[in-house]
Amino acid sequence: VADLWWIYSKPVPADSRELWTLFLQCSCITAVIGGLFYNWMFASLEYSWHLSVSVAISFSLLLLLTLFLVHPARCVFSMIMPTLGTKQGRKLLFSTCIMIAVVNITPNIISNIKTILQVIKCICKNSSDSLLNSTALLEKVSWEFGDAIQETIHSIYKPMNGHFRFLLLQNSSLIYQKMHLASEKISREFLSAEALVKDSVRVANRLAAGFFILYLCFESTWYLKNYLTNPRFDNFYITKKLERLAVDRKAAHLLMGSSKKLIRPTGLKLSWEEVVLCLVQAMLVTVALMLMLVVVAMDHFAFSVADTAVRKAAQFSAVPVTLSIKYKVSALRGDTTLWIVPFLFDILGHPSEKLLLGDFNRTYHHRLIFSSAHCRISPATAPNPSVLLAVGLLFCTLYATVFLEAYARRLCRGIAASFFQSCEERRVLHLYRKLSSRHRKE
């Protein structure tokens, strides 16, 4: 492995064997990166299959030529890998989380809301049918009541027509048509809103992903530029070259006295600045996690409400309605409007205290139905556990990158040092002189 890395990091291969080894290394790297790039474009960014394949092949060929021919480009590309463990890599992971939420969680929420609306539509339709049937019952009651009046009342008091005029809407198609139009309008609005959200977030995610990739390359290039031009940049490590230089010049005490300010690049010790940066980044990741948990909770809540609505709608029982009519009319002697008729009956020898004109006492039963098996209600869609698992793994990776960011920067420095060893020697000499000057002042 050390020999392969030595060939990969050399500016110019020494012989044909090293040249072919370098070409094979670059070919393997570009093949792996091309496959990952295709999967990222097709699965995460949702580009078409043909576009993803063509862009991945073109990118792989360009990357192969660049890595094989340009030595600084190999260094920049090698530093991109550990740079993914810094805040730029976290931005890419955040972008992936947002895309997963938009593509998988948001449609599931909208689907459950549609199920709830279907339940409401079914209840409205069946309840309106029951109400229309109850008006038919009222019409039947009115005609039977009128017939009873005609049959039981004395001919002197009998009205010309004892039936009530009850207007009934016989054709209910107008109600059904309005309900159907309203439900279709709501469905179209939901579909348009869902499509708008998906398209907007997809475009924003693609732009953000492209920007983050370019920024990854820029940050690696910026680090390499500062490493080559500024000897003070990221130069506070006790490396093996610094130790050898201090031993050769019999100044090992310089490293012992500056142990609190210098750290070893291969050790686990973190400086105070690195600890503070890790805590700040962890808080930002926690805020993003809370927002994602809110979206996941909305998904579970929508599913719970939709599932409960579907089950309760199927369990709705018919509500019995009882209509009782009791009718009794009599003519009394003291009645100012009917005093003439009782007087005539007194003359003819009929009872004079009370004249029964008729009784009507009947009970009618009806059932109000709120649900039916003929309703088209799609079942509630449960949250996808694989999506939750993917989001959980992404956030675990995010937290891991927070605490590994300092080590990722150390790895970037080690890569740059292996590619440009002469520059590393100048930087080590500069750090040694700085420590010597500080020791003399103290």
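Distance between the pseudo-spin-label points of K326 and K87 (7 Å out from Cα toward the beta carbon): 8.3 nm.
Close amide-amide hydrogen proximity is noted between V321 and H366, R367, L368, each under 5 Å apart and 5 or more residues distant or on a separate chain (H modeled in the peptide plane; Pro and chain starts excluded). Taking every protein chain into account, the accessible area of region 1-69 amounts to 63 square angstrom per residue (probe 1.4 Å). A straight chain from Q315 to C278 at 0.36 nm per residue would run longer than the Cα-Cα distance by 7.9 nm. Using a probe radius of 1.4 angstrom, the carbon and sulfur fraction of the accessible surface of region 1-69 is 77%.
For an R0 of 51 angstrom, estimate the FRET efficiency from the Cβ-Cβ distance between V1 and A193 and round to the nearest 0.05. For V1 and A193, the calculated efficiency is 0.40. Note on K91: accessible area is roughly 80 Å² with a 1.4 Å probe, heavy atoms of protein only. For the pairs K87/K241; K114/K198; K114/K312; K87/K434; K240/K269, flag any whose C-alpha to C-alpha distance is greater than 19 Å. From the list (K87/K241; K114/K198; K114/K312; K87/K434; K240/K269), the Cα-Cα distance tops 19 Å for K87/K241; K87/K434. Candidates L93, C26, F59 compared by Cα position along the dipole of region 7-109: farthest toward the positive end lies L93, with charges placed on Cβ. The 3J(HN,Hα) values that the Karplus relation (6.51, -1.76, 1.60; θ = phi - 60°) gives for region 385-397 are, in residue order, x, 5, 5, 5, 5, 5, 5, x, 5, 5, 6, 4, 5 Hz. Gly and Pro appear as x. Net length available on complete extension from E425 to V55 is 129.1 nm, with 0.36 nm assigned per residue and the Cα-Cα distance removed. If R0 is taken as 35 Å, the Cβ-Cβ distance between L268 and I113 corresponds to a FRET efficiency of 0.10.
Starting from the Kirkwood Rh over alpha-carbon pairs, what translational D in µm² s⁻¹ does region 1-69 have by Stokes-Einstein at 37 °C and 0.692 mPa s?
Details: Rh = 13.1 Å.
The calculation lands on 251 µm²/s.
The order of the peptides 26-34, 95-103 by mean Cβ neighbours within 10 Å, most packed first, is 95-103, 26-34.
Extension gain for H71-R249 works out to 60.7 nm (0.36 nm per residue, less the C-alpha to C-alpha distance). Straight-line reach from K326: which lysines have a Cα under 24 Å away, not including same-chain ones fewer than 8 places off? Within reach: K140, K158, K354.
The values are calculated or read from the model by the stated rules, or taken from the named source; none is laboratory data. Quantities reported herein were computed from a predicted structural model and do not represent experimental measurements. So basically every Cβ, Gly included, is an ideal-geometry build from the backbone, and we count neighbours across all protein chains shown. Ligands, DNA and RNA are stripped out before the accessible areas are found, and what is left, the full protein with its side chains, is counted by its heavy atoms. Shrake-Rupley method; radii C 1.70, N 1.55, O 1.52, S 1.80 Å.
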